[in-house]
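These notes are about the structure you will find just below.
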Amino acid sequence: MDTSIFGYEDFVQELSTLILTYPPPFVYIYDPIALRTTISVINKIITDTSGDDEIPSNLDISFANIDAATCFSQRLLFDTILGSLLDLGSDEDVTERWNDSWDSFIHGLRYLHSKKRENSTRDVRFVISIEQAHRLKEKVSESIIPLSRLNELSQIDITIIFISQTQWQDMKPILGASPEPYYIDVKPLIKSDIIKTLSSRFVFISQQALTSSSKYALCYDPSLNQLYTHYITMICDVCFPFIHDIDELAYIAAARWPGFVKPILSSSPPDSDTVFPSEDTRLRLIRLFNPTVTSALESLHPRLTNAADWAAANEPETNILEQSFGQIHSPVTKPGGAGAGTTQQPDAGLSSLPRMTKFILVASYIASTNPPKSDLRMFGRGLDEKKRRRRVMKTQSKAKGPSKVPQHLLGPNPFPIDRMIAILGALLEENDVDSRPPAPEFTIPGEYTDMEVSRVAISSAVMELASMHLLLRTSPPDRIDGPPSFKSAISQDTALALAKQLDIPLNDLLWETP
Amino acid sequence: MPNLDDPSQTSFYIPYAPESESEPENKLQEACIAAYKTSWTKCLHRLKTSIADLYRPTVSSIAHSIQTAYDDALPGLPYPELPFIAVHNVSALFINAVLAQPPGGVILSHLYPSDAPNIATGMKNLISGFLESNLASAKRKSTRHAAHDISLLSWWYTSLQSEPRLLVVMHDLEQFDSSVMQDLLYICSTRIPQLPLIFLVFLASPPTPSFIQSTYPRTTLSRLRVQSFSVQTGRAVLDHILLPAFFSPSIDSDLMLGPAALAGIVDHYTRHDSSLDALITCVQLVHLKHFLVEPLSLLVHPPSELTTDPAYRPILFFLHSRLPPSTPNEPQALLDILTEHHTTFVTKSRSLRLGLTLLRTLHTFLTFRGYKPLHSHSGHVASTLIAALRGQVTREVKALSTYVRKLRNAEVIQDLLDDLHGVFSSLPSAVRELQEDARTKIALLRSAEPGEVDTAEFGEWLAAYIHNLIQPLEQLPLWDIWYTGSSPFPNELINPSTHASLTAGLLRPFDFTLPIPSPLPQSLPPPITTDPPPPLSPTVSDLQAQLELKIKINEAAEEEDGRNATAAAAAAAAGLHNFPDTSILFRRYLDSGKLINIYDWYESFRAVLDVQREERERVRRLRAKGKRKEKGKEKGRRSRTASPTKKGKGKQKAVVDEEIIEGREEDGAGELDDEAWQREVQARFVRALHELDYLGFVKHTGRRVEHVARVVFDVRDEDEEEGTEEE
């Protein structure tokens, strides 16, 4: 975004002063909320300071901004730093590589530095900022110490800035091997600053939209600028208690805006220049759309769907403003559920799985939830052919100690596949007999089920479910001694839904009823 | 021949070699296989066409998303998102369909789970996938960028003349390491939109619960623009495929599926494996089985020299035996009759299929209007088809026609007539001519004034007409050539029960070595002239009786052939000691308790092997003696060698024992022999034990030394029980 961000004035002041005067060799910027925004601010500061000739300084600042997540090897780290420092300079025909060790890297830095000094009349200062610095610890942990001491190692005018969402004490090398950095903690933006920033972006978006071929290009008509400010205020009113990241708020605002202005755009004649709505219309619009922002927040913040699809799926009716207050329905067509707006058929979920796979999933859920010692009581049958289901209702003694957490809250337990197959057999015997094709060759009661549960298709279905991550394999796949063990990976709601499709009374088969 | 004693090899390949070079080529079998291949190719082509029709909308919308991935961005987004097109429920067929026609202006790079064990390798493979696709511009300065550096891709892209989209195709997303994928997606997302990367990922899991949502954190998801597609699966697909591929009146099918085969296919699809690949395999199995077990099936595509080549004589005889006895015995005349019957069959089966289509149209029409003419379960296409093939749709036809009779709204009736007329006009001309009357009737009703159509009469007529069309095909002569009838679906072939097969194999090992009787007539049946003169006008029951007699004769002849083998097997099965070692050990395993003492097990195993050894010794001795006696005296030869088994128990046994003792004394090296034998038994025991262990019958417990736990507790057949008691 090519607009300034309000609320960062102090930060900008502090950092630019440091860079232009006497920077500490090692700066650590900590921002747990809006890292992306902070980084763009820093980039802006440095491009301003290095490119601005107005500033009376005798400094020539070369800047390298790298992302630690993309530099997953030492060579990439060196290549990226040197590459971006080099690009700024005029010298293109450098053939030497400085990427095989720290020594050569520092040589490279010194070489570049001296080269630039030769070409420039001013002092040369290198500034290297590393985004997501905490990733260095995972990928190239041995480079944290030399990076933090780069100034003293290279003996040139160089500043290194770490920018991270975690604090320095969480990634600091042991034994104090790195010097203490100069800390800057970024303050979270306050609501009014966010509203100001987002509103000020309208002009930019408007220019961008009008040049693009998007079908929403008209939504950002310049005359709507003032309405946009009110709109952003509404978005922030609803979402600010939950989200403080300015990018996320902008994301939700972008998704809702086309629907928000649609009634106005469609009611005004196409050739009119100004479509600025009246005060009354604006209030009605905001009252109408306020509830839909919540549903946008619910489905967009966890990215259950993407903004473009959400905007397309939640377009209001064009005549929504004409409807009287009594009849107004919320313009949300689908209340922010999973998969809203995506191109799915209704039957594409778990319900389209084959019947036996559903049985296996339910059996795995039972095996993961019930304790093994309860199986006989749950599924065992007496001689009288009647189910003896002696379920013990847990009576929790309130007085003694902390109460036991129910199993379905603790997560699934692993089980050997044999146990699951046995439960599957019991389920099939109870619930699947009616749907079977006639098989006169099986005469002994239970023989059909016995054959059925040992078929190849069952084993392959288990493996397929494991590959879909609907069952989790807990034993190593290369162990052939003993049965493999699995864990159920479906939720209780899914299990209940599946059981309902199969007519299994799942609630009666669970040891602890939720 | 490989050197079987080579210890460095773990397995050997011994190619099949016919016992003798002069083994006659079986022309009948070849003709059968050729007929199968032709029919199956035709059927596969039809299936593939209807699958392509099914997939087309999804494939084209995926292609559209790829095309517009960077054009359709919502204005005002804070940062560009990486287009991420997730396709759920995919099968190999679908992936082929998508990748068969990649949209223009796109360069592909494929990533498989094994390509990305870590981030460096993953990035390297992703980048090299693009670079290799365009070798001309891949001349890179090798030292400038590392192979896993995304800058290399940027550099390469800027050197291209055109500006293609870069499509990363990821197969089996579930199998990728999620932390590697997070980094990979992050790195790719930092370079857009300068590098127009698009991700197309294939997942086997269903869209809900979403694998992507549950596996990847919000930080990764917020960089992506996930668009979900899902490939059609489930019951509806089956209906969608089966109807046009097998039961459309316009198709020209060689082999019609019978109700039993269809029911088997549907059951396997809905119960076990609802992928279209599995469906195709099932249909292929039905074809294979038909051409394997139906002797006349090669006449689906009669070989050109059928009438001239004497090798085909048996099949002609067999064909003749199926026809009324008055049929001339000339090959050419037989072929003509066959063609005639085929034409009849084709006409009748087309009528049947037309009837089914009309029924279906009627049902769809009524359900679309909000009626519920049939029970929910019989509303499925597949179940209606099965019932119709069995001739059990009278009730459905009646129910549907009742609804038609009660239609009052003139517009609705007009729509119905339009639909029905559409069915008729889509027929191929040959069929249309046959159904000209019905077509004219519907056309007349269509052109009649609205409100003048007598729905009661029309409903009656429609019911009678459909009922007439749907007639069981089993009544036609020689139907079993072109129709699988009630021959069941070979479920055991595609979905065997491992446990049952293993135990059966171990308990009755010899049953598996019996030769499969070929359905093809191997030898000429007795000449037809020897038959008793047929009655002048044979009734149906007479014909059937004759047919049965002939089949019996054939079977008897076949049994005669197979008897030797069966007899050998029966003899082998008489005693446990004739079984393979693993089987012997398994029998003893079944006799034991929950925990098995290895030493006791070994002892019982050795007891059986001792019997085996004695038996062998005796046979050897008897043979040697026989030879000796052959030289000496000719007389007593027969009585001695006649039967080494049970006949003449008492005396014979005594004699045999005597002989063994004699033999041992003669050998004189008994002790040395015994030691070697001991070692052999131990080795065979350990080998058999390991085999059982490998099959999973043995569980090692740390509870007691020298004991293993038994894991299989099966009730054996009673006779089996007795058999072992006798041992």
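The values are calculated or read from the model by the stated rules, or taken from the named source; none is laboratory data. Predicted, not measured: the structure shown is a model, and the values here were computed from it. Cβ coordinates were reconstructed from backbone atoms using ideal geometry, including for glycine residues, and neighbour counts include every protein chain displayed.
Points to keep in mind about this one:
- The residue of the stretch B:233-259 that is farthest from the other protein chains (Cβ to nearest Cβ), among those that are surrounded by 19 or more Cβ atoms within 10 Å (Cβ to Cβ) and β-branched (Val, Ile, Thr), is B:Ile241.
- Checklist (1) touching a Pro at 6+ places or on another chain (Cβ under 8 Å); (2) crowded, with 16+ Cβ neighbours inside 10 Å applied to B:Tyr70, failing item: (2)
- Taking the stretch A:486-514 as the range and being within 23 Å of A:Pro416 (Cβ to Cβ) and under 31 Å from the mean Cα position of the chain (by Cα) as the test, the residues that pass are A:Phe486, A:Lys487, A:Ser488, A:Ala489, A:Ile490, A:Ser491, A:Gln492, A:Thr494, A:Ala495, A:Leu498.
- Among the residues listed as A:Ala499, A:Ala457, A:Ala466, the single one being among the hydrophobic types (A, V, I, L, M, F, W, C) and within 8 Å of another protein chain (Cβ to nearest Cβ): A:Ala457
- Pair list, Cβ < 7 Å and 6+ apart or interchain, from the stretch A:132-146 residues that are part of a loop (DSSP other than H, G, I, E, B) to residues that are charged (D, E, K, R): A:Gln132/A:Asp67
- Checked against the criterion of being within 14 Å of chain B (Cβ to nearest Cβ), surrounded by 15 or more Cβ atoms within 10 Å (Cβ to Cβ), closer than 25 Å to B:Pro80 by Cβ and modelled with pLDDT under 90, the candidates A:Leu218, A:Leu198 yield just one match: A:Leu218.
- Looking only at the stretch B:163-209, residues that are among the charged types (D, E, K, R) and part of a strand (DSSP E or B) come to 1 in all.
- Subset of the stretch A:154-185 that is in contact with a Leu (Cβ under 9 Å, 6 or more places away or on another chain) and among the aliphatic types (A, V, I, L, M) - its residue that is surrounded by the most Cβ atoms within 10 Å (Cβ to Cβ): A:Ile161
- The residue that is nearest to A:Met451 (Cα to Cα), counting only those in the stretch B:490-499 that are within 9 Å of chain A (Cβ to nearest Cβ) and part of a loop (DSSP other than H, G, I, E, B), is B:Pro496.
- Those residues of the stretch B:159-190 which are more than 13 Å from every other protein chain (Cβ to nearest Cβ) and of a type in the set (Asp, Glu), in sequence order: B:Glu163
- Given (1) modelled with pLDDT of 90 or more; (2) surrounded by fewer than 23 Cβ atoms within 10 Å (Cβ to Cβ); (3) not assigned by TED's automatic domain parsing to the domain that holds B:Glu474; (4) not hydroxyl-bearing (Ser, Thr, Tyr), number of the condition B:Ile280 does not satisfy: (3)
- Meets criteria (in a helix (DSSP H, G or I), within 12 Å of chain B (Cβ to nearest Cβ) and in contact (Cβ under 8 Å) with a residue 60 or more places away in the chain) for A:Leu428: yes
- Within the stretch A:112-126, at least one residue is without any contact (Cβ under 8 Å) to a residue 40 or more places away in the chain, assigned to a loop (DSSP other than H, G, I, E, B), out of contact with any Pro (no Cβ under 7 Å at 6 or more places or on another chain) and in the same structural domain as A:Phe78 (by TED's automatic domain parsing).
- As a summary of the residue check, B:His110 satisfies the conditions (1) within 14 Å of chain A (Cβ to nearest Cβ); (2) in contact with a Gly (Cβ under 9 Å, 6 or more places away or on another chain) except for the one numbered (1).
- Only one of the listed residues (B:Ser326, B:Ser304, B:Ser274) is outside any helix (DSSP H, G or I) and within 14 Å of chain A (Cβ to nearest Cβ). That residue is B:Ser274.
- In the stretch A:431-451, the residues that are assigned to a helix (DSSP H, G or I), out of contact with any strand residue (DSSP E or B) (no Cβ under 6 Å at 6 or more places or on another chain) and either aromatic (Phe, Trp, Tyr) or over 23 Å from A:Pro372 (Cβ atoms) (or both): A:Val433, A:Asp434, A:Ser435, A:Glu447, A:Tyr448
- Residues that are away from chain A (no Cβ under 11 Å) and either free of Cβ contacts under 8 Å to residues at least 60 places away in the same chain or within 12 Å of the chain's Cα centre (by Cα) (or both), drawn from the stretch B:260-271: B:Ala261, B:Ile265
- Whichever residue in the stretch B:209-220 is crowded, with 19+ Cβ neighbours inside 10 Å and at the interface with chain A (Cβ under 8 Å from one of its Cβ atoms) and, among such residues, is modelled with the highest pLDDT: B:Phe211
- Selection count, the stretch A:39-69, where residues are at pLDDT 80 or above and outside any helix (DSSP H, G or I): 10
- Checked against the criterion of being surrounded by fewer than 15 Cβ atoms within 10 Å (Cβ to Cβ), acidic (Asp, Glu), within 14 Å of chain A (Cβ to nearest Cβ) and outside any helix (DSSP H, G or I), the stretch B:73-91 contains not a single residue that satisfies it.
- Filter pass, A:Ser143 being at pLDDT below 85 and either within 24 Å of A:Asn43 (Cβ to Cβ) or away from chain B (no Cβ under 12 Å) (or both): no
- Within the stretch B:25-40, the residues that satisfy the criterion of being among the hydrophobic types (A, V, I, L, M, F, W, C) and within 24 Å of B:Thr281 (Cβ to Cβ) are B:Cys32, B:Ile33, B:Ala34, B:Ala35, B:Trp40.
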